[in-house]
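Everything below concerns the one structure shown next.
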Amino acid sequence: MRVLLAEDERMTQAVAAALLRRAGHAVTVVDDGRAALEAVRAQPFDLVLLDLRMPEMDGVEALRRIRALPDRARAAVRVVVLTASAVPEDADRCRAAGADAVLAKPLRLDALLPVLEGRAAPDAAEAAPVFDPAALDPMLDALPPPRVAALIASTLKALGDYRETLRTAWAAGDRAGVGAMAHKVAGVAGVYGCLALRQAAQALERAVEAGDADPAALMKALDAAYGPALAALERERGLLPAAPPVAD
């Protein structure tokens, strides 16, 4: 199957593309909604996976423009929107724009399969454990363990960077920045099984978008969820073999 994946977060992008390729699909990857629209114009795809929030053009706008293409075959391509958002209105907007399905991140092939077979996709259940090691199983099936260990190391650094950016936005009273970074944290945390961190980030994002006057308690809860999540990921990384050193 020819799959177009539009995702701006590089670690999420790498994992999703690896899973799809391991399942035998030909995957084209782009970084934003505008590039996704141009790709659909340029060549046929059997399935388009659009991240909801991307730079240049978000997933909903890209979807609307795909559905409006004059080439009716390309306008009718199956489109699945992927989101880390916990806001129900986001899923409603996607469906109103013409999405065939809206799936929660991280991408799971078992959730995608019903869409490909024309059945309803399962709803994602709320999850509160600190860490679910089973989230790493698809990566370990698709990638060598040293590669997964390297991805986890990169993720630990990225989550730390996101935390500092989030704190800076909070201190500056930048609500849009807080919401955007909470969304990023939720997406990456979900991919790597840090479920409590994802839940806390989603709650903060939802409060900011709803105009909550004082989401300080949610910001504090997110900050508190960080330590256990990073510690769990670090433990998992330590259980995986590292890449052998390069010979001189």
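The values are calculated or read from the model by the stated rules, or taken from the named source; none is laboratory data. All values reported here derive from a predicted model rather than from experimental measurement. Heads up, the Cβs are rebuilt from the backbone with ideal geometry, glycines too, and the neighbour counts pull from every protein chain shown.
Of a type in the set (Lys, Arg), under 23 Å from LEU50 (Cα atoms), touching a Gly at 6+ places or on another chain (Cβ under 7 Å) and outside the structural domain of ALA104 (by TED's automatic domain parsing): which single residue out of ARG198, ARG206 fits that description? Can you show your working first?
Details: ARG206 fails: touching a Gly at 6+ places or on another chain (Cβ under 7 Å).
It is ARG198.
If you go through the range 209-228, how many residues are touching a Gly at 6+ places or on another chain (Cβ under 9 Å) and surrounded by 21 or more Cβ atoms within 10 Å (Cβ to Cβ)? Step through it out loud before you land on a result.
Restricting attention to the range 209-228, the residues satisfying the condition of being touching a Gly at 6+ places or on another chain (Cβ under 9 Å) are 209, 226.
Among the residues that remain, those that are also surrounded by 21 or more Cβ atoms within 10 Å (Cβ to Cβ) are: 226.
Of the residues in that region, 1 qualify.
This table checks each residue for (1) basic (Lys, Arg); (2) over 22 Å from LEU109 (Cβ atoms); (3) not in a helix (DSSP H, G or I).
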{"site": "MET139", "(1), (2), (3)": "no, no, no"}
{"site": "ARG147", "(1), (2), (3)": "yes, no, no"}
{"site": "LEU156", "(1), (2), (3)": "no, yes, no"}
{"site": "LEU159", "(1), (2), (3)": "no, yes, no"}
{"site": "ALA180", "(1), (2), (3)": "no, yes, no"}
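Taking ASP90, is it among the charged types (D, E, K, R), farther than 27 Å from ARG235 by Cβ, within 15 Å of the chain's Cα centre (by Cα) and at pLDDT 75 or above? Show your work before the answer.
Numbers: among the charged types (D, E, K, R): yes; farther than 27 Å from ARG235 by Cβ: yes; within 15 Å of the chain's Cα centre (by Cα): yes; at pLDDT 75 or above: yes.
So ASP90 fits the description; yes.
Please count how many residues of the range 31-62 are assigned to a strand (DSSP E or B) and surrounded by fewer than 22 Cβ atoms within 10 Å (Cβ to Cβ).
Applying the first criterion (assigned to a strand (DSSP E or B)) to the range 31-62 yields 47-51.
When the remaining residues are screened for being surrounded by fewer than 22 Cβ atoms within 10 Å (Cβ to Cβ), the result is 47.
Within the range 31-62, residues that are assigned to a strand (DSSP E or B) and surrounded by fewer than 22 Cβ atoms within 10 Å (Cβ to Cβ) number 1.
Could you list, in sequence order, the residues of the range 39-54 that are touching a Gly at 6+ places or on another chain (Cβ under 8 Å) and of a type outside the set (A, V, I, L, M)?
Passing the criteria: ASP51, ARG53.
Kindly list, by first and then second residue, each pair from a residue in the range 216-234 that is in contact (Cβ under 8 Å) with a residue 24 or more places away in the chain to a residue that is among the hydroxyl-bearing types (Ser, Thr, Tyr), limited to pairs with Cβ atoms under 9 Å and residues at least 6 apart or on different chains.
Pairs found: ALA229/TYR192; LEU233/THR155; LEU233/TYR192.
Among what's in the range 63-87 and is assigned to a loop (DSSP other than H, G, I, E, B) and not β-branched (Val, Ile, Thr), pick the residue that is modelled with the lowest pLDDT. Quick ask: steps written out before the conclusion?
Restricting attention to the range 63-87, the residues satisfying the condition of being assigned to a loop (DSSP other than H, G, I, E, B) are 68-71, 76-77, 84-87.
Now restrict to residues that are not β-branched (Val, Ile, Thr): 68-71, 76, 84-86.
Values: ALA68: 89, LEU69: 89, PRO70: 90, ASP71: 89, ALA76: 86, ALA84: 75, SER85: 66, ALA86: 56.
The extreme case among them is ALA86.
When you scan the range 210-219, do you find a residue that is touching an Asp or Glu at 6+ places or on another chain (Cβ under 9 Å), farther than 18 Å from ARG10 by Cα and in the same structural domain as LEU140 (by TED's automatic domain parsing), even just one?
Residues of the range 210-219 that are touching an Asp or Glu at 6+ places or on another chain (Cβ under 9 Å), as a first pass: 218.
Still in the list and also farther than 18 Å from ARG10 by Cα: 218.
Now restrict to residues that are in the same structural domain as LEU140 (by TED's automatic domain parsing): 218.
Yes: one or more hits.
Contact list please: Cβ distance under 6 Å, first residue in the range 37-50 and farther than 18 Å from VAL102 by Cβ, second residue in a helix (DSSP H, G or I) and not aliphatic (A, V, I, L, M), pairs at least six apart or on different chains.
If the second residue must be in a helix (DSSP H, G or I) and not aliphatic (A, V, I, L, M), the pairs left are LEU37/ARG65; VAL40/ARG74.
How many residues does the range 1-30 hold that are more than 12 Å from the chain's Cα centre (by Cα), under 25 Å from LEU151 (Cα atoms) and in a loop (DSSP other than H, G, I, E, B)?
Summing the residues that are more than 12 Å from the chain's Cα centre (by Cα), under 25 Å from LEU151 (Cα atoms) and in a loop (DSSP other than H, G, I, E, B) in the range 1-30 gives 3.
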